[in-house]
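To keep things clear, I will list the structure first and then write my remarks on it.
Every read-out reported here was derived from the displayed coordinates using simple, explicitly stated rules and does not represent laboratory data. Worth saying up front: this structure is predicted, and the values here are computed from it rather than measured. Note: ideal-geometry Cβ built from the backbone for every residue, glycine included; neighbour counts use all protein chains shown.
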Amino acid sequence: MGNISKILDIRITRNYTSKTFELNQEQYINKFLTKFGFSNRIYKLISFSIDSYKDLCPDISTDNRIDAIWYREIIESVIYTMIYIRPDIVFAFERLSQYIQDLYKYYKYTVCCILRYFKSSISTRISFRSKGNFVIYSDADYTTDKSDRKSITVSISLLGEEPVFWASKK
């Protein structure tokens with residue numbers, strides 16, 4: 001049979017000398033970037049963060065609307081990647097996935113920024129080594145969401161320096 005090299009669109013690369021293995025979803029990310037029209041563009045490596053809640057709140061009746069189906073399809077595609085390989089976008093997509101109906105133009109802009117971030121950082125991988133301590137970090141934003149006054153808690157578990165679990169929950 002041999003060693004596993006790919007499962008559920010996750011490529012597994014082993015290095016027996018350094019006793020590590022890496023997981024990446026470059027092929028899957030390319031597939032959904034192509035589907036949404038981001039495959040032929042070249043982007044410089046960018047950073048991305050959602051620093052403010054003021055732009056991510058329920059819309060008002062005067063805002064320009066966008067196609068909710070397009071938005072949901074992107075959210076679904078990115079959530080799959082976020083769960084397994086990309087803890088760097090957990091908070092941003094957790095926030096964006098709260099608004100999947102009656103969307104206004106700012107959400108399309110924010111999602112496009114994240115897709116450009118994916119394109120610019122497509123070769124990001126998670127690497128696991130067989131050494132190090134197990135550590136868990138957790139943080140909360142303590143009701144800074146102006147729309148419903150609920151907290152969002154984020155957790156990440158590390159084995160050595162590598163993340164093995166991450167979550168974001170309202």
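Quick notes
- Counting Lys and Arg as +1 and Asp and Glu as -1 over every other residue whose Cβ lies under 12 Å from the Cβ of Phe32, the net charge comes to -1.
- Positive minus negative residues near Ile156 (Lys, Arg vs Asp, Glu; Cβ under 11 Å): -3
- Tensor-based shape of the range 79-170 (alpha-carbon gyration tensor, a/c under 1.5 rounded, otherwise prolate or oblate): oblate
- Shown here is the pair-distance distribution of the range 84-130: with all Cα-Cα distances grouped in 10 Å bins from zero up to the longest one, the shares run 21, 47, 24, 7, 2 percent.
- Greater than 32 Å apart at Cα, pairs in Lys19/Lys150; Lys31/Lys170; Lys31/Lys105; Lys35/Lys170: Lys19/Lys150
- Residue list for the range 71-93, given a label point 7 angstrom along the Cα-to-Cβ vector of Thr34 and an amide N cut-off under 17 Å: 77-78
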